[in-house]
Each structure stands twice: as structure tokens, then as C-alpha cells.
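Just below is one structure, and these are the notes that go with it.
Just so it is clear, none of the values below were taken in a lab; they were calculated from the coordinates. Model, not experiment: these values are computed from the prediction. Cβ placement follows ideal geometry from the backbone for every residue including glycine, while neighbour counts extend to all protein chains displayed.
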Amino acid sequence: MANLHLSVSSHRFKRSPFFDRNDYPDTNYGIYNNRLYPLSSNLDQKAHYQHLRSQCCLYDVPETPLRITGPDRIAFLNKLFTRDISKIKVGRAGYAIACNHEGGVLMDGVLMRPNDDVFIYVQANGDFLNWANAHAANFDVSIEDFDSWVLQIQGPTSLQVLEAISDIDLTAFPYYAV
């Protein structure tokens with residue numbers, strides 16, 4: 001199958017605050033969660049992969065964080081997801097899968113609990129916001145896209161880089177910590 005390049009107006013899609021950092025003439029873009037994001041450029045992919053495996057790389061990703069608040073937030077999230085949300089402690093996160101009405105996977109992502117009053121669901125591609133709002137009728141909750149963006153740092157030296165640029169001691173930073 002030949003490569004298919006479809007020209008679309010890039011002005012109708014949201015752009016990350018870091019968009020210009022990746023905007024080279026040879027960059028190929030994709031659309032994910034109504035966000036325009038870089039798929040690839042003419043960087044040496046083998047060298048990039050080796051750098052990721054031996055050091056770290058920073059990625060501007062299009063996943064969309066949604067904020068869930070309200071007195072019924074835990075009961076509501078327990079209705080949406082396949083795991084017991086009450087077990088996610090403050091300052092922690094967990095992998096969360098939402099199923100459709102037939103039991104198939106609708107959405108997956110990471111559900112974070114930065115404090116006792118708020119959950120943040122960083123969702124994959126899809127219209128989860130409208131789907132969640134459709135199920136919120138009997139719950140006192142608010143679900144909102146608060147126009148936040150995700151950066152990922154990946155690789156074996158990630159924590160050392162984060163420590164070098166912040167005042168936080170990350171030596172004891174546990175897996176899925178917020």
C-alpha cells in the first residue's frame with residue numbers, strides 16, 4: 001500500500017504550546033484528540049532510538065487530560081472504569097480502562113489523584129468527554145477539558161534529568177506517582 005498523505009487545514013486543530021519546537025519543513029503531522037502533533041521528521045530514527053534506550057527523550061504528546069471533581073466523583077468513576085477507583089491513593093495514579101455497553105474497551109488511559117478532591121484522567125484518542133458526560137446524569141460531578149498538555153520524558157536517565165532541572169528529590173519517586 002502506498003503512503004497516503006492527506007492535506008488538511010491545520011488551523012482547525014489545537015496546537016501544543018511546544019508546537020513550534022517540532023515544526024520543521026520535513027515534519028509529518030497526525031491528528032489525535034483534535035490535536036495536531038508531530039509524527040516524524042527526517043531525524044535519524046536509529047540514532048533517536050539509541051538515545052532513548054541509553055539516555056532520555058522528551059515528547060510532546062497529544063493525550064488529553066480531563067479533570068473530574070464533585071462529591072460523587074469516586075462513585076461516578078467506579079461506574080466508568082473497570083477498577084476500584086477508591087484504591088487509588090492521593091498522590092498516586094493507575095491505569096484505567098473504560099468499557100462500552102457491550103463490554104469492549106472504549107478508552108484507556110492513566111487516572112491520577114493529585115489531591116483528595118480531584119482526579120485527572122489522561123485519555124487516549126476519542127471523545128471520552130462527551131461519553132463521560134452522558135453517564136453523569138445521576139451524579140454530582142464535573143468533567144472538564146481544562147486545556148492542559150502532556151509532556152513525556154522517557155528513558156533510563158529521565159529521573160536524573162528531572163532532578164537536575166527541579167528542586168524535587170526524585171530518588172524515591174515511586175512508579176505511578178503524581
(message) Along the Cα→Cβ direction, 7 angstrom out, place labels at HIS135 and ASP72. What is the inter-label distance in nm?
(response) 1.3
(request) Report the charge-dipole magnitude of the stretch 64-145 in Debye, nearest 20, computed about the Cα centre from +1 at each Lys and Arg Cβ and -1 at each Asp and Glu Cβ. (result) 340
(message) Taking 0.36 nm per residue of sequence separation and subtracting the Cα-Cα distance, how much length would be gained by fully extending the chain between GLU144 and ASP44, in nm to one decimal?
(response) 32.1 nm
(request) May I ask you to derive the relative contact order of the stretch 64-145, considering only C-alpha pairs under 8 Å and at least 6 residues apart, and to give it as an integer percent? (result) 41
(request) Rank these for me by crowding, ASP145, ASP20, ASP117, going from fewest to most other beta carbons within 10 Å. (result) ASP20, ASP117, ASP145
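About the Cα centre of the chain, how large is the charge dipole given +1 on each Lys and Arg Cβ and -1 on each Asp and Glu Cβ? Please answer in debye to the nearest 20. Let's see the in-between values first.
Numbers: 15 positive and 20 negative charges, 59 e Å.
The calculated dipole for the chain is roughly 280 debye.
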(request) Kindly provide the pair-distance distribution of the stretch 82-178 built from C-alpha pairs, with 10 Å bins from 0 and whole-percent values in order of increasing distance. (result) 12, 39, 32, 13, 3
(request) Using just the helices of the chain, give the 222 nm mean residue ellipticity in deg cm²/dmol: DSSP H runs with n ≥ 4 each add -39,500 (n - 2.57), and the total is spread over all residues, rounded to 500. (result) -5500 deg cm²/dmol
(message) Straight-line reach from LYS87: which lysines fall under 27 Å, measuring Cα to Cα and dropping same-chain residues less than 8 apart?
(response) LYS79
(request) Give the relative contact order (percent, whole number) for the chain; include only Cα pairs under 8 Å separated by 6+ residues. (result) 25
(request) Using packing as a proxy for protection, rank 162-173, 102-113, 83-94 so that the peptide with the highest average count of other Cβ atoms within 10 Å comes first. (result) 102-113, 83-94, 162-173
